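Trainee: Here it is: the structure, laid out below.
The values are calculated or read from the model by the stated rules, or taken from the named source; none is laboratory data. Everything numeric here is computed off the predicted structure, so don't read it as measured data. Cβ placement follows ideal geometry from the backbone for every residue including glycine, while neighbour counts extend to all protein chains displayed. With ligands, DNA and RNA removed, areas are computed over all heavy atoms of the protein, side chains included. Shrake-Rupley method; radii C 1.70, N 1.55, O 1.52, S 1.80 Å.
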Amino acid sequence: AEVRLSRRRWAVVLLFSSYSLCNAFQWIQYGSINNVFVRFYGVSAFAIDWLSMSYMLTYIPLLFPVAWLLDKRGLRLIALAGSALNALGAWVKLGSLKPHLFPVTVLGQVICSLAQVFILGMPSRIASVWFGSREVSTACSIAVFGNQLGIAVGFLVPPVLVPNVEDVEKLAYHISIMFFMTAGVATALFILVVIVFKEKPLHPPSRAQALIQSRPTEEYSYMQSILRLLRNANFLLLMVTYGLNTGCFYALSTLLNRMVIHHYPGEEVNAGRIGLTIILSGMVGALISGIWLDRTKTYKQTTLVVYIMSLVGMIAYTFTLSLGHLWVVFVTAGMLGFFMTGYLPLGFEFAAELTYPESEGTSSGLLNVAAQIFGIAFTIGQGQIMDRFGTKAGNLFLCSFLLLGTVMTAFIKADLRRQQANLDNEQTVSKSPFNP
């Protein structure tokens, strides 16, 4: 098959990144002003934490059906379902603007969590289907970038739009503004997906993708693919280490407001800004990682260095949070975010290399299942430890698992199968008697 890059590829990845942003915003919009929603709905802080954890819980049982759909029906159907559910959940939340309507906001959040199942496994698949071998890691980083930016906006905007006022009616008015804006944006993005998002380009963008597309469909078995992935020792190691790192990030994001308010009472807006700092620095880290991987292909070495620095950043954040100087917390949180959040696209791309020619949607999905399981466990565990022993003990709990993940990452072998397929195919084409 003729290999050629499509001009539409950038529109596709940026549109995906945008509705992923909107969905991630809805994940963290409650957690970033946890204390405000606790007072408005008259529920416990743990109940508000569950609004974030619902995203993690929903993902685990639904990954395999959605990954199967992605393999059988392709990118466009999954994109339509994800963006439609994201918009529907945002509109349902508008029915929860009274203190006694907490169950309605739970329903809206659960619908948004269903949308996330159709979003999280897509970045590496979009990158492989639409982008050439020299830009695939950068494209994956851009696709992940949107999710991270959504979390950043989710930390920044809710504390500004929803100030901690005493009057419940005024509070409901401020919450309604946030919910209306979210629903409007989500609906506009769904309409754009209907118009712009295509299944795949006319021509494969790389030799590796051409080989996959030329394979007869009857040769592919979804269950056999999962079994092959679960027999791949290097991928299994990566799955656990990715789950540990990303699970720590989920717990840290969900509980950040509680941590900062504990040491700096009344600083809801700065708590959001610290979250924003973590994510923005992580987005820079992710973009640099993607460009670095496209140029060097040093997947194992880069992943290990980033993991070690995530541990160092977490230790620095743990011991500076209680010093009483907010600017120090901003600095250490930024360092932590650069590496911990920057690790996310690295994991997807390393998995795509280790598991080629298996579906990137399935390998990414398994990584995300590990992340959700550890995310729920770490959020509950750290929350309980913080309540009993303080924030430092809770953060040291996360540090211990990052140390374990660093050691395990060192044992992953760099079996770069996708890279080898591209090289082998290029050599075959160059040796062909039909090649001028």
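Trainee: Residue by residue through segment 174-198, note down the ones that are open to solvent by less than 70 Å² (accessible area, probe 1.4 Å) and in a loop (DSSP other than H, G, I, E, B). If you could, list the steps in order and put the result at the bottom.
Mentor: Let us first name the residues in segment 174-198 that are open to solvent by less than 70 Å² (accessible area, probe 1.4 Å), namely 174-179, 182-184, 186-190, 193-194, 196-197.
Of everything in segment 174-198, just one residue is open to solvent by less than 70 Å² (accessible area, probe 1.4 Å) and in a loop (DSSP other than H, G, I, E, B), namely F197.
Quick grid of which residues meet (1) modelled with pLDDT of 90 or more; (2) within 23 Å of S289 (Cα to Cα):
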{"position": "Y317", "(1), (2)": "yes, yes"}
{"position": "A333", "(1), (2)": "yes, yes"}
{"position": "I376", "(1), (2)": "no, no"}
{"position": "L396", "(1), (2)": "yes, no"}
{"position": "L404", "(1), (2)": "yes, yes"}
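Trainee: Checking the condition at pLDDT 85 or above and surrounded by fewer than 19 Cβ atoms within 10 Å (Cβ to Cβ), which residue from I380, I412 passes? I'd like the intermediate steps shown before the answer.
Mentor: Working: I412 fails: surrounded by fewer than 19 Cβ atoms within 10 Å (Cβ to Cβ).
Sole residue among the options that is at pLDDT 85 or above and surrounded by fewer than 19 Cβ atoms within 10 Å (Cβ to Cβ): I380.
Trainee: If A233 passes every condition in (1) over 27 Å from V13 (Cα atoms); (2) in the same structural domain as L88 (by the TED database) but one, which one does it miss?
Mentor: (2)
Trainee: Among residues belonging to segment 249-271 that are farther than 13 Å from L398 by Cα and hydroxyl-bearing (S, T, Y), point out the one that is surrounded by the fewest Cβ atoms within 10 Å (Cβ to Cβ).
Mentor: Here the answer is Y264.
Trainee: Inside segment 291-305, can you point out the residues that are in contact with a Phe, Trp or Tyr (Cβ under 9 Å, 6 or more places away or on another chain) and in a helix (DSSP H, G or I)? Steps first, please.
Mentor: If we filter segment 291-305 for residues that are in contact with a Phe, Trp or Tyr (Cβ under 9 Å, 6 or more places away or on another chain), which is where we start, we get 293, 298-300, 302-303, 305.
L293, Y299, K300, T302, T303, V305 - these are the residues of segment 291-305 that are in contact with a Phe, Trp or Tyr (Cβ under 9 Å, 6 or more places away or on another chain) and in a helix (DSSP H, G or I).
Trainee: Next question, about the same structure. Exactly one condition in (1) under 30 Å from G324 (Cβ atoms); (2) buried (at least 24 other Cβ atoms within 10 Å of the Cβ) is false for T391; which is it?
Mentor: Here T391 meets the rest and fails (2).
Trainee: Quick one: what pairs do we get from segment 393-407, first residue in the same structural domain as T303 (by the TED database), second open to solvent by 60 Å² or more (accessible area, probe 1.4 Å), C-beta under 6 Å, 6+ apart or different chains?
Mentor: C399/I315; T406/I308
Trainee: If you don't mind, there's one more thing I want to ask. Kindly establish whether I142 is open to solvent by 10 Å² or more (accessible area, probe 1.4 Å) and within 17 Å of the chain's Cα centre (by Cα). I'd like the intermediate steps shown before the answer.
Mentor: On the way: open to solvent by 10 Å² or more (accessible area, probe 1.4 Å): yes; within 17 Å of the chain's Cα centre (by Cα): yes.
So I142 passes the test.
Trainee: Related question: Which is in contact with a Phe, Trp or Tyr (Cβ under 8 Å, 6 or more places away or on another chain), at pLDDT below 90 and under 26 Å from Y250 (Cβ atoms), of L62, L85, L75? Break it down stepwise before answering.
Mentor: Numbers: L62 fails: in contact with a Phe, Trp or Tyr (Cβ under 8 Å, 6 or more places away or on another chain); L85 fails: at pLDDT below 90.
After applying the criteria, what remains is L75.
Trainee: I would also like to ask the following. List the helices (runs of 4 or more DSSP H) that sit entirely inside segment 19-101 and contain at least 3 residues that are crowded, with 16+ Cβ neighbours inside 10 Å and among the β-branched types (V, I, T). Quick ask: steps written out before the conclusion?
Mentor: Working: elements: 34-41, 45-73, 75-93.
The qualifying helices (runs of 4 or more DSSP H) are 45-73.
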